[in-house]
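First up is the structure itself, then whatever we jot down about it.
The values are calculated or read from the model by the stated rules, or taken from the named source; none is laboratory data. Remember, predicted model here, so these are calculated numbers, not experimental data. Cβ atoms come from the backbone with ideal geometry, glycine included; neighbour counts cover every protein chain shown. With ligands, DNA and RNA removed, areas are computed over all heavy atoms of the protein, side chains included. Shrake-Rupley method; radii C 1.70, N 1.55, O 1.52, S 1.80 Å.
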Amino acid sequence: MEKGLYYLAVPYQGTEVEKKYRTDLSLQAAAEFLRQGIHIFAPLIYVNKIVEELDFPSLESRRASVMPYLFEFLKVSKSQRGWFY
């Protein structure tokens, strides 16, 4: 696999149980990829914690701040279709 940064996209919306499961799965995948020397950006692991700390007054202000942040990672990330953990 080519060296570089990969973006680990995982759905987040759902019940609290589904959100926890997806967050845990992202953490496990990120750890396994790192063990294999593959560098990934996994926003689901920590973006919500950052957002909690910033305490945005509305969903719109949250999106206005977070979406450009995530897009910057997407722009520099490599593409690899068909990965399933």
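What does the C-alpha gyration tensor say about the overall shape of the range 26-85? Classify as rounded when a/c is under 1.5, otherwise prolate if a/b is larger than b/c, or oblate. Taking the square roots of the gyration eigenvalues as a ≥ b ≥ c, the range 26-85 is prolate.
Compared with the dominant Cα axis of the chain, that is its longest principal axis, helix 43-54 is turned about 30°. If the chain linking V76 and Q36 were pulled fully straight, counting 0.36 nm for each residue of separation and taking away their Cα-Cα distance, it would gain 12.4 nm. Compute the long axis of helix 59-76 from its Cα atoms, compare it with the longest principal axis of the Cα atoms of the chain, and write down the angle in degrees, 0 to 90, nearest 10. Here the helix axis deviates by roughly 20 degrees.
Under 20 Å of direct C-alpha separation, and excluding same-chain neighbours fewer than eight residues apart, K20 reaches these lysines: K49.
Judged by the mean number of other Cβ atoms found within 10 Å, the most tightly packed of the peptides 10-19, 23-32 leads the ranking 23-32, 10-19. Taking the accessible area of the chain, probe 1.4 Å, and keeping the other protein chains in place, the carbon and sulfur fraction comes to 58%. Which angle between 0 and 90 degrees, to the nearest 10, do you get for helix 16-35 versus the longest principal axis of the chain when only C-alpha atoms count? The answer is roughly 40 degrees. Average accessible surface for the chain: 77 Å² per residue, computed with a 1.4 Å probe over protein heavy atoms with every protein chain in place.
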